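Accompanying notes for the structure given below.
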Amino acid sequence: MVQEEFINHPMETACRSCGFEYKEVGPPFALVKAKVPWSARRGNLSEKERVLKKVKGILNKLTLEKFELLKGQLLDTRITTADILKDVTSLIFRKAVSEPTFCSMYAQLCYEVHDYLPSFPAEEPGGRNIIFRRLLLNNCQQVFEDPDSLRVEIARLTGPDQVMERGDQDMIFKLITLGNIRLIGELMKARMVPEKIVHHIIKELLGSDKKACPDEEHIEALCQFFNTVGKHLDENPGSCRMNDTYFIQIKDRVANPELTPRSKFMLLDLIALRSNNWAPRRGEVGDVPCDIWHWQDASTNYLSNLSYIRAETEKLESEMKRIALEGQQKQTCKLSDEDMNVTRMTMLLTALLQDNKDCKNEILKVLKLTVAILFAILCVCVVGVMKK
C-alpha cells in the first residue's frame, strides 16, 4: 500500500482520497532554461542600467521619514553622461506625475538636488548646457503643450475587445495631465518655476475667447492648478490683482449656458474656496509621515468604536427601562420580543469586547448594567408569579 502511494502521482492520491477521479491530460511541461541565467545577467548590467535601477529603487522607497537618507543616496549615484541624466530626470518626472498626492515631496526633492547633480556641455554648438532643472521643465512643458502626443496610442485602440484597455489608457492620460499641472505648481512654490510661466498656463487654460465654452479637461486642470498655487499667488499683491482678473473671467465662464454641470460646479467650488481664504471644507490627504497615518487610523477607529458603543448603551438603557415598566404592569415572566432584542444587543457588545480592547472598561460597565437590569426584571416577574 505504501509502495502504491509512492508510485502514484501526488495529485492522483489527493483526488482519490477526496472521492474524485484523476485523469492525466498529458505530460507535465518542462521548464525552459534561459541561455543566460538571471543571476549572470544581474552582474552584467551596463553603467546606465545600474544607475537607473538604483534610482528606481530610491524613488519607490521615498517617504518623508527617509527623505534625507534617500536624497543622499540619489546624489551618490554616479551620473557620468548627459544621456543618463536625461533618463534619471524622466524617471523622477514620471514618478511625480503618477503620484499627484505626493507632488510637493517630489518638488522638494528636485529643489534640493538640482544644484548638486552634474551638468554637461550642450550637444549642439551654441546651445545651452544640459542641466537637471532645464530637463525637468522641458518634460513639464512637453506634456502641457502637446497632450495630443499622449493620445496617439489611445486613438489606435478602436476594436470592440479593447474597450477596457482604452478606458485604462484614458485614466492614465488624465492622471498624467493633472499630475503635471500639480507638479508645475509645486515647483513654482519651490522657486524652480518662474511666476510668469504660471500666469501663462492660467491664461492658456482660461482661453482667449470669452464666449466659447471651455473643455472640461481644461476646467479641471484650471481648478487643480488654482488649488495648488492660488493661495501662494494671493500672498503677493501684484499676483493678487492678477487673480482678481482671472476670477472675473471664471465667473463669466460659469454663466455660459453651454458649460457642463460638472464643470460649472468645479468652478463654483473654486470661487467658494478663494472666498474662504483657500481653506478647504474637507481636509486634503497629503504627504504626511507614516507614523501620523498610523496614529490617525488608530485614533479614528477608537473614537468611532467608542461613540458607537455609547450610542448602543443609551439605546440599551432606554430599552431596559421600558421592559421593566411593562413587566411591572403585566406581571408576567414570559419572554417577549423585547427581551430577545436585549439579548441580541448583549451579544453584540460581547463581540465588540473581543475586537476593541481599548474600549474594554466602557463595555464592562454596559455589561454590568445589562446584568443588573435583567436581574431586576427577573425579580419583578417572580414577585408577580408569587402574587398569583
- Query: If a residue has to be out of contact with any Asp or Glu (no Cβ under 7 Å at 6 or more places or on another chain), at pLDDT below 90 and open to solvent by less than 40 Å² (accessible area, probe 1.4 Å) to count, how many in the range 236-247 make the cut?
  - Reply: 1
- Note on the structure: Residue hits (the range 248-270; aliphatic (A, V, I, L, M) and exposed (fewer than 15 other Cβ atoms within 10 Å of the Cβ)) are I248, A255, L268
- Task: Output yes when any residue across the range 63-77 is touching a Leu at 6+ places or on another chain (Cβ under 8 Å), outside any helix (DSSP H, G or I) and buried (at least 18 other Cβ atoms within 10 Å of the Cβ), and no when none is.
- Result: no
- Message: So, F225, is that one in contact with a Gly (Cβ under 7 Å, 6 or more places away or on another chain) and either closer than 25 Å to C103 by Cα or in contact (Cβ under 8 Å) with a residue 24 or more places away in the chain (or both) or not?
- Response: yes
- Here the residues within the range 62-108 that are of a type in the set (K, R) and within 18 Å of F120 (Cβ to Cβ) are R78, K86
- Query: Taking the range 106-132 as the region of interest, how many residues are open to solvent by 40 Å² or more (accessible area, probe 1.4 Å) and over 18 Å from L59 (Cα atoms)?
  - Reply: 12
- Please work out if K203 is basic (K, R), surrounded by fewer than 18 Cβ atoms within 10 Å (Cβ to Cβ), more than 27 Å from the chain's Cα centre (by Cα) and closer than 15 Å to F144 by Cα. yes
- Filtering the range 78-105 down to residues that are touching an Asp or Glu at 6+ places or on another chain (Cβ under 9 Å) and not in a loop (DSSP other than H, G, I, E, B), which residue is surrounded by the fewest Cβ atoms within 10 Å (Cβ to Cβ)? T101
- Which ones in the range 53-62 are open to solvent by 60 Å² or more (accessible area, probe 1.4 Å) and more than 30 Å from N227 (Cα to Cα)? K53, K54
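The values are calculated or read from the model by the stated rules, or taken from the named source; none is laboratory data. From a predicted model like this one, the values you see are computed outputs, not experimental measurements. Glycine also receives a Cβ, built like all others from the backbone with ideal geometry; neighbour counts cover every protein chain displayed. We work out accessible area using only protein heavy atoms, side chains counted, and drop any ligands, DNA or RNA first. Shrake-Rupley method; radii C 1.70, N 1.55, O 1.52, S 1.80 Å.
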